[in-house]
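One structure below.
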Amino acid sequence: MGRRNPLTLFFYLAGRQTVRIVGNLGAILIFFITAFIKIFQRRQAVEIIQQIFYIGAKSSGIVTLVALFTGMVLGLQLFYTLIKFGSEGVLGTAIALSLVRELGPVLTAIMITARAGSAMAAEIGILRISEQIDALYTMRIDPTRFIVSPKIAASIISFPLLTAFFDLVGILGGYLTGVVLLGVNGGTYVYRVQSSLNISDVRGGFIKALVFGAIVSTICCYQGYFCHMRDGQHGAKAVSAATTSAVVLSCVMVLVADYVVTSFIM
């Protein structure tokens, strides 16, 4: 394998790692397609609603808090930037476009990943190491349909809804900072928000939220589902490592997907 040649060794290791990454991405894609198809089978509605409540409704608190302070910080920072150019009247435009196009979908996805994504990976990982998934196979129950599909469906539904909520609360936070604290004209702020936002901006944010929902739920479920196959890690240690990998990889892929989607919809 040319171990004595540093250049040959470098290309060998780089090629092996590339093949491994491509293989993992292919496995994740197949995992998602399989689970997504099974969403539309019978008797899935009740479980999907329960997962929407857990992933969506129970994440609304942290999303609200982060959205409020994000909008307030944006209002504060943008005000002192725009006032240097005598353009503080466009504060509403800057805040609205920043939230709806970019910060809303991304921060919502990261917050849900931290709260619900980690729980999904840990829950499925515990089911795997306790052999409950194997028991479902024994009883001829499809664990992908029973465990994974409702979580993916709920994420695809919840992410756009929470993104819209994030945008609304963030714009309100910008109003509190810009109008109430810094003295920007309230009518001007509201008018700028209304006039600057187009349907294409809102649609782009929702498209990102849908993509992020699919990515986060798939990665988190995949990491938990196959935690028993991690090299040199077993039991609780494997679940811990799978949960950590799920959160880190989901956040990284959200940012990568954000760039890719923005390149296509802009």
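Odds and ends about this structure:
- Test result for Y222, in contact with a helix residue (DSSP H, G or I) (Cβ under 7 Å, 6 or more places away or on another chain) and either surrounded by 22 or more Cβ atoms within 10 Å (Cβ to Cβ) or of a type in the set (F, W, Y) (or both): yes
- Taking the numbered list (1) touching a Lys or Arg at 6+ places or on another chain (Cβ under 9 Å); (2) under 30 Å from G86 (Cβ atoms) in turn, T163 passes all entries but (2).
- Of all residue pairs spaced 6 or more apart or on separate chains, those with beta-carbon atoms under 6 Å, a first member in the stretch 240-266 that is free of Cβ contacts under 8 Å to residues at least 60 places away in the same chain and a second member that is in a helix (DSSP H, G or I) and of a type in the set (A, V, I, L, M, F, W, C) are L249/I219; M253/I215; A257/V211; A257/I215; V261/V211.
- Answer residue from the stretch 173-227, given it is of a type in the set (V, I, T) and free of Cβ contacts under 8 Å to residues at least 24 places away in the same chain and is nearest to Q132 (Cα to Cα) among those: I199
- Looking only at residues in the stretch 185-214 that are closer than 18 Å to T70 by Cβ and touching a Phe, Trp or Tyr at 6+ places or on another chain (Cβ under 8 Å), the one that is surrounded by the most Cβ atoms within 10 Å (Cβ to Cβ) is F212.
- The stretch 130-143, residues that are of a type outside the set (S, T, N, Q), part of a helix (DSSP H, G or I) and either over 21 Å from S245 (Cβ atoms) or at pLDDT 90 or above (or both): D134, A135, L136, Y137
The values are calculated or read from the model by the stated rules, or taken from the named source; none is laboratory data. Just so it is clear, the structure is predicted and the values come from calculations on it, not from any experiment. Ideal geometry is used to build each Cβ from the backbone, glycine not excepted, and the neighbour counts take in all protein chains shown.
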